[in-house]
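Reading through the structure tokens given below for one structure.
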């Protein structure tokens, strides 16, 4: 990816695009200048690249006034290489451009001028020119992060847990135990009075959970894509259909699911049972493709492979339909397998370690594949 502008697919950022962006950032993040001599340029989508080049040429003239000869030479040379690089690109890519140049030699007095550029997988709307001791990478780091958030609530009459699903990670926020008495009433208490007390306690509990949801979810803004509620029995419907949740929060509810559990197991079950809702999100897709691999491994083991050497052999034979790579792999290994798989038109999926299925993939060697046909290996 270094030293060239990439032509990524347009639209939603895929795991592969996010991984490549992280790899790009990782390559540049440790370079340090001795003075403010590393050049970072961000060109917004739709902005005239010629105007940027003219601006950098003007900055070359300004840089000639820098007192330190070493810094002056490094800045002017970095700008010259940046200008030549942008001229080769010709015009601003559809989603904008981020470019970086400078002398990155490790030893003082030596020269190693290099230039990098990347077209991001979604539009950038900022314009930056800066000389600093390090490259300005925060906009790319932010772009590489999955910021999708869903609210999760699992509950019954005994307790409720409020959490968020951020990317692929479930983050519990608040757990609340109820004061609703059990179904067995104490001796001497009439069944009518017991039922009334139980109903009052349930309504107080529902109201409290509604307030917690308001406090936790309303300040998340547009990043909160929706709220999913789940739990055993009718409690979740009584809660969601009643007047316990403010209208602003209620508008965010996108699904209600029947569960067997509450608390931590309930949160996991809620995510798994919400795959229809999360189908457009990476966590749902990850779980689905990993489940397909494990189903194939169990039912047709000759159509599944795992482990570095075995999967690479299958790729080179053209037998791999879907390649599964753990994000815990080294970047070089991911790049190597992705390159070989793309030669054979294999689909590549990066799998996080933030789901149970992702942890399973890591435990069986971090690399697996679903094959196009049965392949007998020794």
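Values in this text are rule-based calculations from the coordinates and carry no lab data. Keep in mind that this is a model prediction, so the values were computed, not measured. All Cβ positions, glycine included, derive from the backbone under ideal geometry; neighbour counts span all protein chains shown.
Among 163, 304, 201, the largest mean-square fluctuation in a Gaussian network model of the chain (Cα springs under 10 Å) belongs to 201. For region 233-342, the share of alpha carbon pairs falling in successive 5 Å distance bins from zero is 2, 9, 14, 15, 16, 11, 9, 7, 7, 6, 4, 1, 0 percent. Note on the chain: GNM, Cα springs under 10 Å; of 368, 63, 78, the largest mean-square fluctuation is that of 63.
Relative to the longest principal axis of the Cα atoms of the chain, the long axis of helix 15-28 lies at roughly 50 degrees. Whole angstrom only: what separates the Cα centroid of region 103-154 from the Cα centroid of region 322-378? Rounded to whole Å, the Cα centres lie 27 Å apart. As a calculated quantity, the FRET efficiency between residue 211 and residue 49 at R0 = 51 Å, using C-beta atoms, amounts to about 0.45.
Axis of helix 49-63 versus longest Cα principal axis of the chain: the two differ by about 60°, to the nearest ten degrees. Between residue 203 and residue 218, the modelled label-to-label distance comes to 2.2 nm, taking each label 7 Å out from Cα in the direction of the beta carbon. State whether region 15-144 is rounded, prolate or oblate according to the following rule on the C-alpha gyration tensor (a ≥ b ≥ c being the square roots of its eigenvalues): a/c under 1.5 gives rounded; otherwise a/b larger than b/c gives prolate, and the remaining case gives oblate. Since a/c reaches 1.5 but b/c is at least a/b, the shape of region 15-144 is classed as oblate. Between 0 and 90 degrees, the angle of helix 282-299 with respect to the longest Cα principal axis of the chain falls at about 80 degrees.
Determine one quarter of the surface area of the Cα convex hull of the chain, which equals its mean projected area, and express it in nm² to one decimal.
On the way: hull surface 102.9 nm².
The orientation-averaged projected area of the Cα hull of the chain comes to 25.7 nm².
Its residue count N fixes a reference of 2.2 N^0.38 Å for region 149-280, and the Cα radius of gyration divided by that reference is 1.09.
Extension gain for residue 265 to residue 26 (0.36 nm times residue separation, less C-alpha to C-alpha distance): 82.5 nm.
Quick check: Cα centre of region 295-316 to Cα centre of region 11-40, how many Å? The distance from the Cα centre of region 295-316 to that of region 11-40 comes to 33 Å. Secondary structure note: in region 134-266, about 60% of the DSSP beta bridges are antiparallel. Quick one: Debye curve from the alpha-carbon atoms of region 58-111 only, equal weights, vacuum; give me log10 I(q)/I(0) at q = 0.15, 0.18 Å⁻¹ to two decimals. So the normalised log intensities work out to -0.51, -0.68. Need one number: nm distance between label points at residue 58 and residue 171, each 7 Å from Cα along Cα→Cβ, rounded to one decimal. Using points 7 Å along Cα→Cβ, the separation is 4.2 nm. Between 215, 108, 331, the residue with the greatest mean-square fluctuation in the GNM of the chain (Cα pairs under 10 Å linked by springs) is 108. Dividing the helix sum by the residues of the chain, where each DSSP H run of 4 or more adds -39500 (n - 2.57), gives a mean residue ellipticity at 222 nm of -13000 deg cm²/dmol.
Taking the DSSP bridge list for the chain and keeping only pairs wholly inside it, about 70 percent are antiparallel.
In terms of overall dimensions, the C-alpha atoms belonging to region 286-371 reach 30, 30, 19 Å along their principal axes, ordered largest to smallest.
Count the DSSP beta bridges whose two residues both fall in region 284-378, then state the antiparallel fraction as a percent rounded to the nearest 5. Provide the component values of the computation, followed by the final result.
Details: 8 of 13 bridges.
That works out to approximately 60 percent antiparallel.
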